[in-house]
Amino acid sequence: MRLIKVDKHFDLEKLFYPSFALPLIDVSRDRAVKIYGYCSGLIIKKYESFLEIIHENRICLDYADEILGLWIKPEMYISHVRSRYRELVDRLIDIYGWLGIATSPMDDIELFTSIFLSRATDFHRNTVRWMKIFLTLPRDDSIDRYVELIGRSFQLKQLSVALKEYYRVRDVLAIEEDMYRVRKMLLSISYVGPKVSDAYILFVKKNQGFAPIDRNLREFLGRFYQTRELLHQDPKKDLCSKYICENCPARERCTSYLYRDAFRSLSGWIQNIAYLQNKLYCLRRLCSSCLLKDMCLSINT
């Protein structure tokens, strides 16, 4: 057993809500259990400002830091952020300083699958449901058999090819430290674009300087005067496969480059927040209870 002191605002449900590791976790308000994959059986209980971690293996007690997002301390990276955006970042740290990036890099196959299946669909309604079935199937079942059991969506139909190609580069990805080489290898996989590659780099390689440019992040950036200017074109697979961002001829028109240049080592963390804000407040029109409402252009214009 292990005890961890946390901020009183630490919320297990909000922590795992934007995480691609969510399908591996059974989570409620004050309790989470890792039910699949590495260190399965790990139990997390919240008591006010403490987390109680329970597992028979000491390695898994330490691994809880990955699952709970405790590996990132956002306040350590404020100085990395461009000065124009620090007021917003200071506010985000005041509100979400407790929030980490919940992940499980030892479950790279499951995370790759979760990320891949999240494309162009509702993550909680579809991806999590698909993954729950995938995780209960015997490992000797073929992916095609898995698809037959679940449905006919294009994400499922493309998964078999993508996973086979992922297995071929998996060992190299595990040891590669140059994130642009990682990105290029991922982009060589059929049906994998910049959104999938950058989510993988964030959640599996734990590099906070990368973040998937998705609809939630774009809408979040569009709500603030300082960040609205970052919105341009989405990154393009053909260019990302060929160039590093700093040398790309399209960088000044690319939201990914401009966003990452603005927030640097907090890019992934802020993307996490953007998902929470958009899903839990903006789309539900809960503006009155949003702690960012005084900065939001949607309310103040």
Here the stretch 206-216 yields Karplus 3J(HN,Hα) values (6.51, -1.76, 1.60; θ = phi - 60°; whole Hz; Gly and Pro given as x) of 6, 9, 7, x, 10, 7, x, 8, 10, 4, 5
Equivalent-ellipsoid semi-axes (√(5λ), Cα gyration tensor) for the stretch 108-204, whole Å, largest first?
-> 23, 14, 12
Averaging 1/r across every pair of distinct alpha carbons in the stretch 1-64 and inverting yields a Kirkwood hydrodynamic radius, in angstrom, of 11.8
Choose one of Ala120, Gln158, Val172: the residue whose Cα lies farthest towards the positive end of the charge dipole of the stretch 108-204 (beta-carbon charges +1 Lys, Arg; -1 Asp, Glu; about the Cα centre).
-> Ala120
Calculate the dipole size of the chain relative to its Cα centre from +1 charges on Lys and Arg beta carbons and -1 charges on Asp and Glu beta carbons; express the result in debye to the nearest 20.
-> 740
Only Lys, Arg (+1) and Asp, Glu (-1) charged, at Cβ; the stretch 2-70 dipole about Cα centre in debye = 100
The stretch 108-204 - accessible surface per residue (Å², probe 1.4 Å) = 47
Straight-line reach from Lys45: which lysines have a Cα under 17 Å away, not including same-chain ones fewer than 8 places off?
-> Lys5, Lys8, Lys14, Lys34
The chain - Cys residues lacking any other Cys C-beta under 4.7 Å | Cys240, Cys245, Cys248, Cys254, Cys282, Cys287, Cys290, Cys296
Using θ = phi - 60° and the Karplus curve 6.51 cos²θ - 1.76 cosθ + 1.60, what whole-Hz ³J(HN,Hα) does each residue of the stretch 290-300 get, with Gly and Pro shown as x?
-> 7, 7, 10, 4, 6, 9, 7, 5, 5, 9, 9
Computed [θ] at 222 nm, deg cm²/dmol, the chain (DSSP H ≥ 4; -39,500 (n - 2.57); rounded to nearest 500) | -12500 deg cm²/dmol
What list of ³J(HN,Hα) couplings, whole Hz, do you get for the stretch 115-122 from phi and the Karplus terms 6.51, -1.76, 1.60, once you set θ to phi - 60° and write x for glycine and proline?
-> 5, 4, 6, 7, 5, 6, 8, 7
Mind checking which lysines have their C-alpha under 25 Å from Lys157, skipping anything on the same chain fewer than 8 residues away?
-> Lys132, Lys184, Lys195, Lys236, Lys237
To the nearest whole percent, what portion of all C-alpha pairs in the chain is separated by more than 33 angstrom?
-> 23
Answer with one residue from Ile25, Leu149, Tyr259: the one whose Cα lies farthest towards the positive end of the charge dipole of the chain, charges on Cβ with Lys, Arg +1 and Asp, Glu -1.
-> Tyr259
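The values are calculated or read from the model by the stated rules, or taken from the named source; none is laboratory data. What you see is a predicted model; the values in this text were computed from it and never measured. In this analysis, Cβ positions are derived from the backbone assuming ideal geometry, glycine residues included, and neighbour counts consider all displayed protein chains. Side chains are part of the model used for accessible areas, which takes the heavy atoms of the whole protein and leaves out ligands, DNA and RNA. Shrake-Rupley method; radii C 1.70, N 1.55, O 1.52, S 1.80 Å.
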